[in-house]
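The values are calculated or read from the model by the stated rules, or taken from the named source; none is laboratory data. Computed from a predicted model, the values in this text were never measured in an experiment. Note that we place each Cβ from the backbone using ideal geometry, even for glycine, and neighbour counts take in every protein chain shown. Only protein heavy atoms, including side chains, enter the accessible area calculation; ligands, DNA and RNA are left aside. Shrake-Rupley method; radii C 1.70, N 1.55, O 1.52, S 1.80 Å.
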Amino acid sequence: MSFDLIVKGGTLPDGTVADIGIKGETIAAIEPRLDAAAGRVVDASGNLVSQPFVDPHFHMDATLSYGLPRINASGTLLEGIALWGELKPLLTHEAVRERALAYCDWAVSMGLLAIRTHVDTCDDRLLAVEALLEVKKEIAPYIDLQLVAFPQDGLYRSPNARENTIRALDMGVDVVGGIPHFERTMADGTRSVTELCEIAAERGLMVDLHCDETDDPLSRHIEQLAYETQRLGLQGRVAGSHLTSMHSMDNYYVSKLLPLIAEAGVSAIPNPLINIMLQGRHDTYPKRRGMTRVPEMLKAGIRVGWGQDCVLDPWYSLGTADMLDVAFMGLHVAQMSSPADMRACFDMVTRVNAEIMGLDHLGLAVGKSASLVVLDAGNPIEAVRLRAERLCVVSKGKVVAEREKRETALSIEGRPASINRRHVVPPQAR
């Protein structure tokens with residue numbers, strides 16, 4: 001047997017050392033040793049080989065627009081929304097397209113090969129929808145891009161949002177989105193959850209709602225989302241993003257809520273980088289940090305994946321398309337410090353996020369898409385600790401990004417000539 005590409009001697013996330021043989025766009029073999037001809041061999045010896053990083057929550061229509069037309073001075077979510085309202089009329093098709101493509105270049109370099117992006121449908125021109133549909137087609141050879149029809153100013157609050165959202169879905173947008181907590185009243189928010197889920201059920205689409213992204217403990221639209229998911233038979237196709245109000249909720253109510261979410265099969269997508277930056281802005285001390293109850297959700301059997309949300313846009317002034325940054329921050333804020341928890345955080349930006357997006361073709365298994373990343377780390381925990389360099393990125397059977405392994409030279413008498421900050425940990429801590 002011969003292969004187009006062999007990734008040789010890498011350590012898989014479960015600790016297995018194996019060669020991965022690739023034919024065309026598919027993983028054809030995973031064996032302890034492949035003695036076969038190949039068009040190219042990538043030496044992954046001593047390095048972690050993982051399925052690619054996946055981001056289930058992003059805003060590509062706004063990315064890389066930081067400073068346009070001004071900076072978010074207060075740093076709040078509401079000023080970010082207002083600032084986006086100022087920027088929207090200034091958008092051009094070409095500017096949205098070019099910024100999105102530039103971000104996708106960053107993503108590829110970081111091994112991020114699948115992204116779900118919300119795209120604002122409150123602009124009657126649907127300019128961003130058209131631009132990102134074009135980008136989706138252009139990057140299809142190397143990135144899986146899902147688009148969410150997102151009525152960002154409210155399905156009912158914005159005059160033409162409902163009509164525009166339907167138009168966007170008719171144009172080929174993949175997922176139904178919404179923002180119930182931003183409607184004028186709680187009742188309107190509840191009604192929007194029902195209608196958006198009914199639209200998804202009728203069209204056979206997935207649902208991903210910005211849900212309860214607020215410090216208000218009485219914002220409980222996730223409860224309605226769980227109810228509609230069961231009523232309409234949408235189990236496994238629905239996600240609630242952010243869910244930050246849960247950090248302020250009464251513990252008794254949460255003890256009722258979490259089993260409902262789990263029973264409905266609704267996934268949760270917290271966005272730690274952005275939520276801890278935006279939430280709690282009205283607090284002095286004690287100060288809430290905007291993270292939903294991730295450990296409790298995991299214990300309840302809820303599928304949870306970390307999202308990036310924003311990079312250099314009206315809401316967030318930082319970011320590099322690095323999902324390990326997201327996992328690193330999420331790990332800290334959720335206080336997930338045990339070895340099992342830290343491994344789970346790595347899974348949450350790879351395998352779990354792929355499951356949330358329904359990307360069954362991704363994974364390190366024979367017959368799956370030949371998309372993977374070689375990391376300068378010995379295991380998943382070390383990858384998160386170091387935010388490890390991506391040494392090689394393979395997408396659909398082709399090497400799309402690579403860099404040389406680098407160490408830092410030291411000039412200290414009696415000490416090593418170089419270091420790389422990798423560390424051999426005892427087996428019980430792995």
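Check ILE143, ILE139, ILE166, ILE81 and return the single one that is out of contact with any Ser or Thr (no Cβ under 7 Å at 6 or more places or on another chain), assigned by the TED database to the domain that holds VAL352, over 15 Å from PRO314 (Cβ atoms) and open to solvent by 10 Å² or more (accessible area, probe 1.4 Å).
Going through ILE143, ILE139, ILE166, ILE81 in turn, just one is out of contact with any Ser or Thr (no Cβ under 7 Å at 6 or more places or on another chain), assigned by the TED database to the domain that holds VAL352, over 15 Å from PRO314 (Cβ atoms) and open to solvent by 10 Å² or more (accessible area, probe 1.4 Å): ILE166.
Please verify whether segment 28-49 includes one or more residues that are open to solvent by 40 Å² or more (accessible area, probe 1.4 Å), hydrophobic (A, V, I, L, M, F, W, C) and in the same structural domain as ALA321 (by the TED database).
No: segment 28-49 contains no residue that is open to solvent by 40 Å² or more (accessible area, probe 1.4 Å), hydrophobic (A, V, I, L, M, F, W, C) and in the same structural domain as ALA321 (by the TED database).
Within segment 320-343, is even one residue among the β-branched types (Val, Ile, Thr) and farther than 18 Å from SER50 by Cα?
The initial filter retains those residues of segment 320-343 that are among the β-branched types (Val, Ile, Thr), namely 320, 326, 333.
Checking the rest, the ones that are also farther than 18 Å from SER50 by Cα come to 320, 333.
Yes, segment 320-343 contains a residue that is among the β-branched types (Val, Ile, Thr) and farther than 18 Å from SER50 by Cα.
How do the strands (runs of 3 or more DSSP E) wholly within segment 36-154 filter down when requiring 3 or more residues that are under 19 Å from HIS242 (Cα atoms) and in contact with a strand residue (DSSP E or B) (Cβ under 9 Å, 6 or more places away or on another chain): which remain? Can you show your working first?
Details: elements: 37-43, 48-50, 53-58, 112-120, 144-150.
Here the list reads 53-58, 112-120, 144-150.
Going by what's in this entry, would GLY265 be described as closer than 28 Å to GLU389 by Cα and either among the charged types (D, E, K, R) or over 12 Å from the mean Cα position of the chain (by Cα) (or both)? Spell out how you get there, then give the answer.
Details: closer than 28 Å to GLU389 by Cα: no; either among the charged types (D, E, K, R) or over 12 Å from the mean Cα position of the chain (by Cα) (or both): yes.
Taking the combined requirement at face value, the residue does not satisfy it.
Please find, among ARG97, ARG70, ARG40, the residue that is in contact with an Asp or Glu (Cβ under 9 Å, 6 or more places away or on another chain) and more than 30 Å from ARG403 (Cβ to Cβ).
Working: ARG97 fails: more than 30 Å from ARG403 (Cβ to Cβ); ARG40 fails: more than 30 Å from ARG403 (Cβ to Cβ).
Only one candidate passes the filter, namely ARG70.
If I go through segment 169-191 residue by residue, how many of them are free of Cβ contacts under 8 Å to residues at least 40 places away in the same chain and open to solvent by less than 30 Å² (accessible area, probe 1.4 Å)?
So the answer is 6.
Might you check whether a residue that is outside the structural domain of GLY15 (by the TED database) and among the basic types (Lys, Arg) occurs anywhere in segment 332-348? Don't jump to the end; show me each part of the working.
Taking segment 332-348 as the starting set, the residues that turn out to be outside the structural domain of GLY15 (by the TED database) are 332-348.
This time we only want the ones that are among the basic types (Lys, Arg), so: 343.
Yes: one or more hits.
Taking the residues in segment 251-282 that are outside any helix (DSSP H, G or I) and modelled with pLDDT of 95 or more as candidates, determine which candidate is most open to solvent (accessible area, probe 1.4 Å).
Ranking the qualifying residues of segment 251-282, first place goes to GLY265.
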